[in-house]
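Everything on this sheet refers to the single structure shown next.
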Amino acid sequence: MQIDEDPNWQDPVIDYLASGNLPTDKSEAKKVQYKATRYYMHGSKLIRRSYSGPHLACIKYPQTLEVLCKIHGGECGNHSRGKSLA
């Protein structure tokens with residue numbers, strides 16, 4: 001399976017939170033600003049605010065493969081629903 005390592009949704013949010021840079025397109029800039037309200041930077045890591053539980057670290061490839069393998073390999077126990085999986 002080929003995995004795309006090109007810039008993903010996190011990159012504009014990280015750029016905005018770290019340095020205040022926004023895309024030149026006004027509609028894209030609004031989307032980034034809106035999305036960024038749910039995140040903050042802790043050092044160089046992007047963290048999602050969670051109001052009902054712990055804050056969540058955002059990960060990128062290749063960490064995503066490692067996490068998925070551990071979850072589906074049974075290391076995290078049974079997961080039958082989306083919330084359990086998350």
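Beta carbons closer than 8 Å, at least 6 apart along the sequence or on distinct chains, pair a first residue in region 46-62 that is of a type in the set (Ser, Thr, Tyr) with a second that is surrounded by 11 or more Cβ atoms within 10 Å (Cβ to Cβ) and outside any loop (DSSP other than H, G, I, E, B) for Ser50/Leu56. Of the residues making up region 17-40, those that are surrounded by 14 or more Cβ atoms within 10 Å (Cβ to Cβ) and of a type in the set (A, V, I, L, M) are Leu17, Leu22, Ala29, Val32, Ala36. Selection of region 58-86 for residues being part of a loop (DSSP other than H, G, I, E, B) and either at pLDDT below 75 or in contact with a Ser or Thr (Cβ under 7 Å, 6 or more places away or on another chain) (or both) yields Gly73, Gly74, Glu75, Cys76, Gly77, Asn78, His79, Ser80, Arg81, Ala86.
Given the criteria on the phi < 0 side of the Ramachandran plot and modelled with pLDDT of 85 or more, does His55 qualify?
Working: on the phi < 0 side of the Ramachandran plot: yes; modelled with pLDDT of 85 or more: yes.
In short, yes.
When the criteria are applied in full, Ser27 fails the requirement of being of a type in the set (Gly, Ala, Ser) and part of a loop (DSSP other than H, G, I, E, B). Of all residue pairs spaced 6 or more apart or on separate chains, none has beta-carbon atoms under 7 Å together with a first member in region 18-38 that is under 25 Å from Ser50 (Cβ atoms) and without any contact (Cβ under 8 Å) to a residue 60 or more places away in the chain and a second member that is among the hydroxyl-bearing types (Ser, Thr, Tyr) and outside any helix (DSSP H, G or I).
The values are calculated or read from the model by the stated rules, or taken from the named source; none is laboratory data. All values reported here derive from a predicted model rather than from experimental measurement. Here the Cβ is made from the backbone with ideal geometry for all residues, glycine too, and neighbour counts use every protein chain on show.
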